[in-house]
Amino acid sequence: MERLKNLVRSQQFSRELLEHLFLLANKIRENPGNYRDVLSDKIMAVLFYEPSTRTKLSFESAMLKLGGNVIGTENAKEFSSAAKGESLEDSIRVVSAYCDVIVLRHNETGASELASQVAGVPVINAGDGRGQHPTQALLDVYTIQRELSTVDGRRIAVVGDLANGRTVRSLAYLCSKFNNISFTFVSPPNLKIGDDIKEHLIEHNVSFTEESDLNKVLPRADVIYMTRIQKERMTAEDYNASKGLYVIDESNLVLIRKDARIMHPLPHVEEINLPISVETTDARVAYFRQAENGLYVRMALLHHLLGEK
Amino acid sequence: MERLKNLVRSQQFSRELLEHLFLLANKIRENPGNYRDVLSDKIMAVLFYEPSTRTKLSFESAMLKLGGNVIGTENAKEFSSAAKGESLEDSIRVVSAYCDVIVLRHNETGASELASQVAGVPVINAGDGRGQHPTQALLDVYTIQRELSTVDGRRIAVVGDLANGRTVRSLAYLCSKFNNISFTFVSPPNLKIGDDIKEHLIEHNVSFTEESDLNKVLPRADVIYMTRIQKERMTAEDYNASKGLYVIDESNLVLIRKDARIMHPLPHVEEINLPISVETTDARVAYFRQAENGLYVRMALLHHLLGEK
Amino acid sequence: MERLKNLVRSQQFSRELLEHLFLLANKIRENPGNYRDVLSDKIMAVLFYEPSTRTKLSFESAMLKLGGNVIGTENAKEFSSAAKGESLEDSIRVVSAYCDVIVLRHNETGASELASQVAGVPVINAGDGRGQHPTQALLDVYTIQRELSTVDGRRIAVVGDLANGRTVRSLAYLCSKFNNISFTFVSPPNLKIGDDIKEHLIEHNVSFTEESDLNKVLPRADVIYMTRIQKERMTAEDYNASKGLYVIDESNLVLIRKDARIMHPLPHVEEINLPISVETTDARVAYFRQAENGLYVRMALLHHLLGEK
């Protein structure tokens with residue numbers, strides 16, 4: 001198994017490496033004390049060119065729980081402000097000198113790829129525009145394995161904004177490493193999944209269909225992966241045409257199999273409309289456990305990139 | 001004595017618990033080395049929905065001095081931005097998975113109460129709109145005890161914006177745990193203390209009066225607690241009507257008893273107008289020591305919530 | 001040798017102290033493990049009233065690598081916001097209680113001087129408006145020594161915006177501690193070096209000339225110190241008159257001596273226009289090593305101010 005030097009794209013993961021990281025995540029979870037100091041002389045720099053508090057806090061917590069330290073900014077745009085105008089490559093080369101790993105969130109697709117070419121330290125892509133978000137995909141697949149024992153053979157319904165979500169792109173790439181996965185894509189007409197992803201799935205023999213009736217899909221799915229309509233990446237017209245079209249609420253929750261799971265990368269808004277009492281007691285609601293899983297796969301990834309013998 | 005699980009309101013403190021925390025604060029102050037590692041495997045998340053640099057730095061320093069770690073954001077509003085629109089409860093549930101305690105500053109009254117109901121970890125209210133700011137009250141009362149030996153029996157003049165200040169609300173609630181406190185409230189006509197606080201004081205047999213002449217009040221008070229007119233929470237008209245009405249300066253400093261203390265939650269603006277030479281030599285000026293006391297009561301509180309045997 | 005209590009101005013460094021700090025920086029670089037815990041019970045507060053991500057990250061990394069902890073804000077302007085209006089002195093007095101050293105970046109000249117007068121802990125000036133930036137000068141001179149073995153006798157061409165750059169001011173002050181330095185200043189007519197700096201150099205017997213033809217200067221210089229035209233500190237007219245006037249690119253790189261060095265405080269924009277392949281292989285390109293040197297001199301400085309026996 002080859003050790004990763006960076007994490008830029010979901011395609012970098014081999015099946016073997018995924019299973020290694022999931023096993024490592026489980027070990028860390030069970031015996032956190034064994035890992036408390038493994039990165040004690042390491043520094044992680046968190047460079048966020050757009051806000052993503054949840055992702056930032058999750059990475060920071062992961063690093064600290066391994067004994068490491070964190071520097072960073074929520075304000076990285078200042079590097080490239082009109083006034084100063086430094087290139088991303090130069091910013092990365094300078095910051096490389098101050099840390100052992102860079103976690104980069106950027107508004108432009110390809111930013112992490114560019115950064116990884118000039119950085120003297122590993123770069124982790126924490127989301128690049130409409131591009132990818134590979135640690136989100138990692139925690140998604142880890143969650144499926146943890147909740148349902150296996151990923152192979154699962155029928156996954158992916159619902160919502162499939163045009164703008166890098167989450168969906170990264171998830172599709174990662175699932176193609178497993179056997180007999182089948183996807184059903186359910187999205188408003190104006191937010192359908194891109195051709196590049198379909199081609200990737202065809203090339204890797206992953207079967208998929210597109211459906212418009214969510215309630216028809218629910219009884220067949222092992223995983224219902226809901227996503228948010230990304231208002232901030234579309235026109236008001238497009239938003240109004242798609243908002244509220246696909247919702248999980250108490251009326252269609254009954255259609256979902258008892259052993260299925262509802263996932264969501266969070267934050268969710270109206271596309272999931274369940275009372276707190278259901279969210280906290282119904283085992284099918286997996287999205288808060290999914291968010292917690294993010295901590296452990298990020299710990300595993302950081303340990304793998306920086307310390308693992 | 002019951003251990004606190006959260007700190008949302010000043011009313012949660014019993015007299016016994018207050019004395020326990022003040023004693024603990026003193027012990028930590030005298031022997032910081034004994035407490036350097038007590039929270040070494042703990043993470044505090046600092047979620048600020050509105051800026052309060054002073055409070056943030058004080059909590060962070062407290063946590064680090066106990067060996068703990070800190071994650072956080074000054075940018076928590078991003079969670080609930082128009083674009084993403086996540087509920088506070090969901091944000092708190094997710095962040096709970098990444099930390100051992102949440103320090104929450106929010107612009108809406110009741111936010112900490114709500115957060116504490118869903119969080120899987122203790123929540124500390126670091127100010128919620130016009131609601132409360134219980135660690136401020138804690139450090140205020142600790143300061144009175146430290147400066148004047150006892151809190152019982154003290155005559156406390158509270159001066160300034162009594163309508164908008166959560167500081168005053170929390171202080172009044174906390175003082176009602178002590179015996180024979182008497183308050184004198186001095187405020188511009190448009191910024192008088194609210195009826196809810198008066199009712200609380202009456203119910204708890206705390207005597208109080210309202211006065212309009214500050215100079216008449218000064219010679220009788222043990223503590224003169226000044227507050228800032230909160231320009232940002234009122235109309236320009238209201239601000240201009242009250243700004244500069246009640247000021248401590250060299251002309252009325254002479255009216256204050258030698259063994260009295262001038263307190264202020266800081267920042268102060270024109271309501272205290274003393275030269276630096278007086279501020280640094282006159283023992284009655286207690287507000288910088290008061291700010292420092294905040295560090296020790298917050299250390300005591302964090303230790304109590306998270307580690308204390 | 002007198003130990004520094006603060007670092008506000010480059011003039012505070014004696015030659016002896018400079019050599020001590022450079023030696024210490026080298027020792028730390030060679031044996032970082034020996035210094036991993038020297039500041040383990042210390043807290044550094046980073047107060048930035050204007051953004052400077054690079055400087056902030058460099059100081060934070062330096063403190064963490066010495067075992068210390070960091071609190072801080074990129075948002076320090078909030079202290080002095082119109083709504084709250086606290087004086088800098090009061091902010092500093094309060095923050096002093098929470099930390100062991102303050103790193104201050106401020107938009108107003110003289111801010112660090114003022115802060116150092118009231119702080120109960122050491123203050124490090126990390127840039128004050130058009131004033132100074134003494135740790136930048138420290139890393140600049142350390143870089144000259146490291147790259148060229150000696151600072152004495154060097155011919156230094158300083159190019160670009162010499163009117164607005166605090167970097168140039170601090171560098172000139174620091175170089176006057178060495179022997180037989182000669183400066184050549186090359187700047188657009190509207191951005192010439194200030195009379196105060198010239199007077200300082202005359203007073204300290206440092207020779208200097210002003211030139212308008214960069215290409216005539218290049219073959220004679222040991223160090224070509226390029227600076228950015230600071231768009232944000234001038235009118236659009238002034239910017240357009242000076243932008244692009246002095247540039248290092250492949251056409252004039254050949255004029256630079258093989259053993260000379262190109263330095264820059266970074267970020268650079270169009271004033272350096274070299275392909276990445278040249279930047280990474282041509283030994284004369286020193287500016288990324290210069291940025292890395294900043295880490296080690298800041299470690300040396302923090303250790304000197306806080307811990308060194």
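For region C:200-227, the set of residues classified as in contact with a strand residue (DSSP E or B) (Cβ under 9 Å, 6 or more places away or on another chain), part of a loop (DSSP other than H, G, I, E, B) and either of a type outside the set (Asp, Glu) or open to solvent by less than 10 Å² (accessible area, probe 1.4 Å) (or both) consists of C:VAL206, C:SER212, C:ALA221, C:ASP222, C:THR227, listed by residue number.
Checking each residue in region B:140-171 for being open to solvent by 10 Å² or more (accessible area, probe 1.4 Å) and in a helix (DSSP H, G or I) picks out B:GLN145, B:ARG146, B:GLU147, B:LEU148, B:ARG166, B:THR167, B:ARG169.
Given the structure, is C:ARG257 of a type in the set (Lys, Arg) and in contact (Cβ under 8 Å) with a residue 40 or more places away in the chain? Even if it seems obvious, please write down each step before you answer.
On the way: of a type in the set (Lys, Arg): yes; in contact (Cβ under 8 Å) with a residue 40 or more places away in the chain: no.
So C:ARG257 does not fit the description; no.
Looking at this structure, is C:SER87 of a type in the set (Ser, Thr, Tyr), more than 8 Å from chain B (Cβ to nearest Cβ), crowded, with 19+ Cβ neighbours inside 10 Å and more than 23 Å from A:GLU74 (Cα to Cα)? The answer is no for C:SER87. Residue count for region C:172-181 under the criterion of being surrounded by 24 or more Cβ atoms within 10 Å (Cβ to Cβ) and part of a loop (DSSP other than H, G, I, E, B): the result is 1. The residue of region C:120-135 that is nearest to B:PHE288 (Cα to Cα), among those that are in contact (Cβ under 8 Å) with a residue 40 or more places away in the chain and open to solvent by 20 Å² or more (accessible area, probe 1.4 Å), is C:PRO122.
Please verify whether region C:254-274 includes one or more residues that are in a helix (DSSP H, G or I) and over 26 Å from C:SER149 (Cα atoms).
Taking region C:254-274 and keeping what is in a helix (DSSP H, G or I), we get none.
Among the residues of region C:254-274, not one is in a helix (DSSP H, G or I) and over 26 Å from C:SER149 (Cα atoms), which makes the answer no.
Among the candidates C:ALA236, C:ALA300, C:ALA221, the residue that is out of contact with any Asp or Glu (no Cβ under 7 Å at 6 or more places or on another chain) and either of a type in the set (Lys, Arg) or under 30 Å from C:TYR35 (Cα atoms) (or both) is uniquely C:ALA300.
In region B:197-214, the residues that are among the small types (Gly, Ala, Ser) reach residues that are open to solvent by less than 70 Å² (accessible area, probe 1.4 Å) with C-beta atoms within less than 8 angstrom, at least six apart or across chains, in these pairs: B:SER207/B:ILE181; B:SER207/B:SER182; B:SER207/B:PHE183; B:SER207/B:LEU201; B:SER212/B:VAL186.
Residue count for region C:22-49, restricted to those that are within 16 Å of the chain's Cα centre (by Cα) and either free of Cβ contacts under 8 Å to residues at least 40 places away in the same chain or surrounded by fewer than 22 Cβ atoms within 10 Å (Cβ to Cβ) (or both): 1. Look at (1) under 30 Å from A:ASN273 (Cβ atoms); (2) surrounded by fewer than 20 Cβ atoms within 10 Å (Cβ to Cβ); (3) aliphatic (A, V, I, L, M); (4) in contact with a Pro (Cβ under 8 Å, 6 or more places away or on another chain) and you find that B:ILE102 fails only one, number (2). Residues of region C:266-278 that are touching a helix residue (DSSP H, G or I) at 6+ places or on another chain (Cβ under 8 Å) and within 11 Å of chain A (Cβ to nearest Cβ): C:LEU266, C:PRO267, C:HIS268, C:ILE272, C:ILE276.
Picking from A:ALA119, A:ALA76, A:ALA115, which residue would you name as being more than 10 Å from chain C (Cβ to nearest Cβ) and in contact with a Ser or Thr (Cβ under 7 Å, 6 or more places away or on another chain)? After applying the criteria, what remains is A:ALA119. Please determine, by comparing only the residues of region B:177-199 that are touching a strand residue (DSSP E or B) at 6+ places or on another chain (Cβ under 8 Å) and of a type in the set (Lys, Arg), which one is nearest to B:MET226 (Cα to Cα). Of everything passing the filter in region B:177-199, B:LYS192 is nearest to B:MET226 (Cα to Cα). Within region B:182-199, the set of residues being assigned to a strand (DSSP E or B) and not hydrophobic (A, V, I, L, M, F, W, C) comprises B:SER182, B:THR184.
Tell me, please, whether a residue that is over 23 Å from B:VAL118 (Cα atoms), out of contact with any strand residue (DSSP E or B) (no Cβ under 6 Å at 6 or more places or on another chain), modelled with pLDDT of 95 or more and in the same structural domain as B:ASP128 (by TED's automatic domain parsing) can be found in region B:45-58. Show your work before the answer.
Our first condition is that a residue be over 23 Å from B:VAL118 (Cα atoms); within region B:45-58, this holds for B:51-55, B:57-58.
The next check asks that each one be out of contact with any strand residue (DSSP E or B) (no Cβ under 6 Å at 6 or more places or on another chain); those that pass are B:51, B:54, B:58.
If we keep only those that are modelled with pLDDT of 95 or more as well, we get B:58.
Add one more test, that the residue is in the same structural domain as B:ASP128 (by TED's automatic domain parsing), and what stays is B:58.
Yes.
Restricting C:GLU237, C:GLU232 to residues that are within 14 Å of chain A (Cβ to nearest Cβ), modelled with pLDDT under 95, in a helix (DSSP H, G or I) and open to solvent by 50 Å² or more (accessible area, probe 1.4 Å) narrows the list to C:GLU232. When B:LEU306, B:LEU301, B:LEU266 are checked against the criterion of being under 15 Å from the mean Cα position of the chain (by Cα) and farther than 25 Å from B:THR184 by Cβ, B:LEU301 stands alone in meeting it. Residues that are more than 10 Å from every other protein chain (Cβ to nearest Cβ) and either within 21 Å of A:ASP41 (Cα to Cα) or in contact with a Cys (Cβ under 7 Å, 6 or more places away or on another chain) (or both) within region C:43-54 comprise just one, C:MET44. All but one of (1) touching a residue at least 40 places away in the same chain (Cβ under 8 Å); (2) at the interface with another protein chain (Cβ under 10 Å from one of its Cβ atoms); (3) part of a loop (DSSP other than H, G, I, E, B); (4) basic (Lys, Arg) hold for B:LYS5, so report the exception by its number. Single failed check for B:LYS5: (2).
Regarding B:GLU292, is this residue assigned to a helix (DSSP H, G or I) and either within 12 Å of chain C (Cβ to nearest Cβ) or open to solvent by less than 20 Å² (accessible area, probe 1.4 Å) (or both)?
Judged against the criteria, B:GLU292 is a match.
The values are calculated or read from the model by the stated rules, or taken from the named source; none is laboratory data. Everything numeric in this text was worked out from a predicted model, so none of it was measured. All Cβ positions, glycine included, derive from the backbone under ideal geometry; neighbour counts span all protein chains shown. Accessible surface is based on the protein model in full, side chains and every heavy atom, while ligands, DNA and RNA are left aside. Shrake-Rupley method; radii C 1.70, N 1.55, O 1.52, S 1.80 Å.
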